Amino acid sequence: MSPRWAPETAPSLEEFEALAEAARAALPPEFAAAARGVALRVEDFAPDEILDEMEIEDPFTLTGLYHGIPLTEKSAFDQPTQPDTIWLFRRPILEEWAERGDVALGELITHVFVHELAHHLGWSDADIAVVDRWWE
């Protein structure tokens, strides 16, 4: 599926996921293997149980979430009950994109994806800056 859509319509969940997968594919080789080991879920909003657990009242305030054990904390003795997952929430990201008006949607999706991946990898701010120069 092509990550393109008519400019008059918002991308579907599938098209949004294609943009996120393009962000994953564009990572430098030293991060790509670890990124492939994380599941990706794209939903319109975070599920109610996640919002409740995080004590978030407005679902538009959560654009992404990493759920899992960071690689820097994993042990050979860990028994995974589910895969490490990066969640991207389409509607809050679209809302932020529309409010900003100064960044391409693919760039914003990449920004959110990289920051959630950073939680998985245990990256420092300097590590993130190598991949995501968001402030420039």
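The table for this structure:
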{"item": "Filtered residue count, the range 7-29, keeping only those that are more than 16 Å from Trp97 (Cα to Cα) and either at pLDDT below 80 or part of a loop (DSSP other than H, G, I, E, B) (or both)", "result": "3"}
{"item": "Cβ-Cβ under 7 Å pairs, at least 6 apart or on other chains, the range 78-91 side farther than 17 Å from Arg24 by Cβ, far side at pLDDT below 95", "result": "Asp78/Ile69"}
{"item": "Which listed residue is in contact with a Lys or Arg (Cβ under 8 Å, 6 or more places away or on another chain), surrounded by 10 or more Cβ atoms within 10 Å (Cβ to Cβ) and part of a loop (DSSP other than H, G, I, E, B), from Phe60, Phe45", "result": "Phe45"}
{"item": "Extreme residue, surrounded by the most Cβ atoms within 10 Å (Cβ to Cβ), among residues of the range 103-135 that are among the aliphatic types (A, V, I, L, M) and under 14 Å from Phe16 (Cβ atoms)", "result": "Ile109"}
{"item": "Failed item in (1) within 26 Å of Trp97 (Cα to Cα); (2) under 15 Å from the mean Cα position of the chain (by Cα), with Asp52 passing the rest", "result": "(2)"}
{"item": "Cβ pairs under 6 Å, 6+ apart, first in the range 119-132 and closer than 17 Å to Pro29 by Cα and in contact (Cβ under 8 Å) with a residue 24 or more places away in the chain, second aromatic (Phe, Trp, Tyr) and surrounded by 14 or more Cβ atoms within 10 Å (Cβ to Cβ)", "result": "His120/Tyr66"}
{"item": "The one condition in (1) surrounded by fewer than 13 Cβ atoms within 10 Å (Cβ to Cβ); (2) in contact with a helix residue (DSSP H, G or I) (Cβ under 8 Å, 6 or more places away or on another chain); (3) closer than 22 Å to His67 by Cβ; (4) not hydrophobic (A, V, I, L, M, F, W, C) that Arg100 fails to fulfil", "result": "(3)"}
{"item": "Residues (modelled with pLDDT of 95 or more and not in a strand (DSSP E or B)) located in the range 63-79", "result": "Thr63"}
{"item": "Test for Ala39: is it aliphatic (A, V, I, L, M), over 11 Å from the mean Cα position of the chain (by Cα) and either surrounded by 10 or more Cβ atoms within 10 Å (Cβ to Cβ) or farther than 23 Å from Leu13 by Cβ (or both)", "result": "no"}
{"item": "Flag for Trp87 being over 15 Å from Asp132 (Cβ atoms) and part of a helix (DSSP H, G or I)", "result": "no"}
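Okay, residues lined up against (1) at pLDDT 95 or above; (2) assigned to a loop (DSSP other than H, G, I, E, B); (3) in contact with a Phe, Trp or Tyr (Cβ under 6 Å, 6 or more places away or on another chain); (4) closer than 24 Å to Glu14 by Cα:
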{"residue": "Thr81", "(1), (2), (3), (4)": "no, yes, no, no"}
{"residue": "Leu94", "(1), (2), (3), (4)": "yes, no, no, yes"}
{"residue": "Leu117", "(1), (2), (3), (4)": "no, no, no, yes"}
{"residue": "Ala129", "(1), (2), (3), (4)": "no, no, no, no"}
{"residue": "Glu136", "(1), (2), (3), (4)": "no, yes, no, no"}
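The values are calculated or read from the model by the stated rules, or taken from the named source; none is laboratory data. Source: prediction; values computed, not measured. Note that we place each Cβ from the backbone using ideal geometry, even for glycine, and neighbour counts take in every protein chain shown.
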